[in-house]
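Data first, discussion second: the structure below is written as structure tokens.
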């Protein structure tokens, strides 16, 4: 056996010692893949987040439409009462007329569950190769709703206290000191930061104007055992970057390149109940596959070997593009993890997205 093969086996064995993939499930499967069909309202499903509700059920939210950025795009959600094995029929959570609703994100604060999402008009078209060159001027706003009864009822949507053109993507967190933080990004000029509340959501303020030489957006955050807040950033340079706040999200350190190879895609940083950190991301700079997971026991200074939890075939040039991406994590009462992610295919005549789930056991 060659030395590289031995090293690969050792890495896989190390990953298996910390994480074990237990099962898979479908959260929502697309009914049609034709983006030109006027009756296809729920064919493209993407950017799901997941949360464990106070009553023990799981709730997933994502955006759904005939294609990404369609004005017929809505935010929909469903629930699971058996740890993600089966899911209810989705219901529409938000659908502003003649606007795209997208990127819902959860934030749990005790018995209260927040959902933030964006709605507006994106001046871009489907099926583009370089989405950044087609974003154009944006006019959208972040909104919030909250529930105090585990998602049975929700308050009406209210504009969040942040200027237009910022959007959220990854779940927010409640710090050990009680403050609430929601990661934010402004795509037009490449700023990232957080929306912060120190009074249980009565008022919010934006903190941070983080930028990297490689550009960045869709930040993800986790509080470390020492009380610092670690932020990882999606970039266009083939690696993840990081920044740290030691004052509850008010200010952030100069961003650093982690050297962790990653796609230009959303990723997930999550704190486990035992204090370790979990990183879930696409581990190739060229494609949004494979989707991997790894653990850190030293606040992100080092990471264990990756466990591949999903993988998509990489087609030849000109073939439809397939991806497994945009993960979101929740930890169940028994300590196991559930991860939802998008399984997407895009071509000129076919575009669809499914929301899938894997359950992973911690060792």
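The values are calculated or read from the model by the stated rules, or taken from the named source; none is laboratory data. These numbers come from a predicted model, not from an experiment. Please note: Cβ atoms are built from the backbone with ideal geometry, for glycine as well, and neighbour counts cover all protein chains shown.
Odds and ends about this structure:
- Out of 94, 80, 64, one residue alone is surrounded by fewer than 22 Cβ atoms within 10 Å (Cβ to Cβ), at negative phi and touching a strand residue (DSSP E or B) at 6+ places or on another chain (Cβ under 8 Å). It is 80.
- Filter result for residue 333 (farther than 19 Å from residue 231 by Cβ, surrounded by fewer than 22 Cβ atoms within 10 Å (Cβ to Cβ), touching a helix residue (DSSP H, G or I) at 6+ places or on another chain (Cβ under 9 Å) and touching a residue at least 60 places away in the same chain (Cβ under 8 Å)): no
- Selection within region 131-154 - touching a strand residue (DSSP E or B) at 6+ places or on another chain (Cβ under 8 Å), surrounded by 12 or more Cβ atoms within 10 Å (Cβ to Cβ) and at pLDDT 95 or above: 142, 143, 144, 145, 146, 147, 148, 150, 151, 154
- Against the numbered list (1) without any contact (Cβ under 8 Å) to a residue 24 or more places away in the chain; (2) surrounded by fewer than 20 Cβ atoms within 10 Å (Cβ to Cβ), residue 292 comes up short only at (2).
- The combined condition, being in contact with a strand residue (DSSP E or B) (Cβ under 6 Å, 6 or more places away or on another chain) and modelled with pLDDT under 95, is not fulfilled by residue 260.
- The lone exception for residue 349 - which of (1) under 22 Å from residue 32 (Cα atoms); (2) surrounded by 15 or more Cβ atoms within 10 Å (Cβ to Cβ) it fails: (2)
- Residues satisfying the stated conditions in region 265-286, i.e. modelled with pLDDT under 95 and surrounded by 20 or more Cβ atoms within 10 Å (Cβ to Cβ): none
- When region 305-321 is limited to residues that are surrounded by fewer than 18 Cβ atoms within 10 Å (Cβ to Cβ) and modelled with pLDDT of 95 or more, the one that is nearest to residue 45 (Cα to Cα) turns out to be 311.
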